[in-house]
Amino acid sequence: MIELTFADGEEMGAYDGERTITFKSAFIDKYKNNAQDIARAKAWKTTGSGAVFREAYSDPSALTFESSVTGVYPAGDGDEVVYSFRINQTSGIYKRHISDEKTPETHVINSVDLSFGGGSFNAAKGELAVSVGRGYYNSDIALFDVATGDYKTITEGDTADEDPFISDEDPDIIYYASRAVGRDSHGDFAEFAPSAIYRLNLATMQLDEVASSNKYGYFKPVVHNGELYAIRMPAGKKRGNPLLEIVLIPYRILQGIAGFINMFVNVFAGKSLTSSGSNPAKGRDYDSRKIAIAGNLVDVEKEARKNSSKKDSDYGFVPKSYELVKVESGEVLASGVADFDIATDGTIYYTNGRRIFALKDGVKRKVCNTSLCLRVSCRHSHNKSADLFNF
């Protein structure tokens, strides 16, 4: 039986206590193949010298896809999983069997208006709690019946509500992290308040704040044996230098002009203006893109360099200030944590982006290596359904 599942970029993985297997989303693969087929079919309109002069030139082989699995959860007693994803402007939730490539994935929901993030799944009753993004800054918590695709939004407001956790003791209790949106006098976004953790009782609709601080932000609440665990990080972040950004404007304009000229020469001469020297990006182990982890943008390459100086061969790219803690006591269990979950036997599984570890009784062991792991999920089940679906 699957004990743990994880999202590794746009791939997924499962661990049964002994071995780890990886698999992909059929929807993401199909989306990419369809987009490439369409681009090739229209290539005659956007290639060649005529397309350059019409300012319609584009390289059909240069399609870009921003895709990731945002959550994957053990489902049922076999090898079925439920997962959520994003690819370009599309987001959705599907079910699939890990070992059966011939059986089509089961569609739960797709959307171009909403974005489905991480959450937790009650495997016994097929109920999934996830964050649902709307716009750039706001997200709500929604509860899905994955068998029917029906869902109800259970939070709302000018907030970013994330990482819902369905209580193992009572599925009517949902814990989640929430960041209030701060706006200026014109109503434009200014910044987020530090993330706090809330508890919502679906039976009574009572909402309680259970962890908050001006000094720290708390993300990813998990409750085990009545004790609250979370990822804690320093509140606030460094702002960019606006004067430097203004100074760099002419330079970036020149970069754009040079890029266009280089493309023009490449089309007609078949060669690039730039020299054929060695690519400085070649051979790098870490992606230099910034990625969002627990509400903040993290420079993957920069943080990996920092962590590698600690002489730790199992280092990741998550800042050491992202700590897994017992909220009430403040005890730090691990640092550099992107995500975690707790199995029924008390084993804590967590990831630093490049590795997944298991922690139990103070003993840590490595489960597997990953490339860009930001989500891990254990099996959770409760025979009682949330009252929202007891019509």
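Just so you know, all these numbers are worked out from the coordinates, no wet-lab data involved. Every value quoted in this text rests on a predicted model; they were computed, and no experiment measured them. Note that we place each Cβ from the backbone using ideal geometry, even for glycine, and neighbour counts take in every protein chain shown.
Residues in segment 101-113 carry Karplus couplings, in order, of 6, 7, 6, x, 5, 9, 6, 9, 7, 10, 7, 9, 9 Hz; the curve used is 6.51 cos²θ - 1.76 cosθ + 1.60 with θ = phi - 60°, and Gly or Pro positions show x. In straight-distance terms, cross-link reach from K24 covers every one of the aspartates and glutamates whose alpha-carbon lies under 16 Å from its own, apart from those fewer than eight places away in the same chain; here that gives D8, E10, E11, E66, D79, E80, D100, E101, E105. Within the shell defined by Cβ-Cβ distances under 12 Å, the residues around D8 carry a net charge of +1, with Lys and Arg each +1 and Asp and Glu each -1. Over 30 Å apart at the Cα level, from the set K364/K384; K30/K302; K326/K384; K102/K360; K320/K384; K220/K384, are K364/K384; K30/K302; K102/K360; K320/K384.
Close amide H contacts of H382 (hydrogens built in the peptide plane, cut-off under 5 Å, sequence separation of 5 or more or a different chain): A123, A124, K125. Give a residue-ordered list of calculated ³J(HN,Hα) values for segment 195-212 (Karplus: 6.51 cos²θ - 1.76 cosθ + 1.60, θ = phi - 60°; whole Hz; x for Gly, Pro). For segment 195-212, the Karplus-derived couplings read 5, 10, 10, 10, 10, 10, 8, 5, 6, 10, 6, 7, 10, 10, 7, 10, 7, 7 Hz, x marking Gly and Pro.
For K306, give me every one of the aspartates and glutamates with a C-alpha distance below 18 angstrom, ignoring sequence neighbours fewer than eight places off in its own chain. Within the straight-line cut-off, K306 pairs with D285, D287, D314, E323. Taking amide H atoms as placed 1.01 Å from N in the peptide plane, the amide H of D150 lies under 5 Å from those of D145, each 5 or more residues away in sequence or on another chain.
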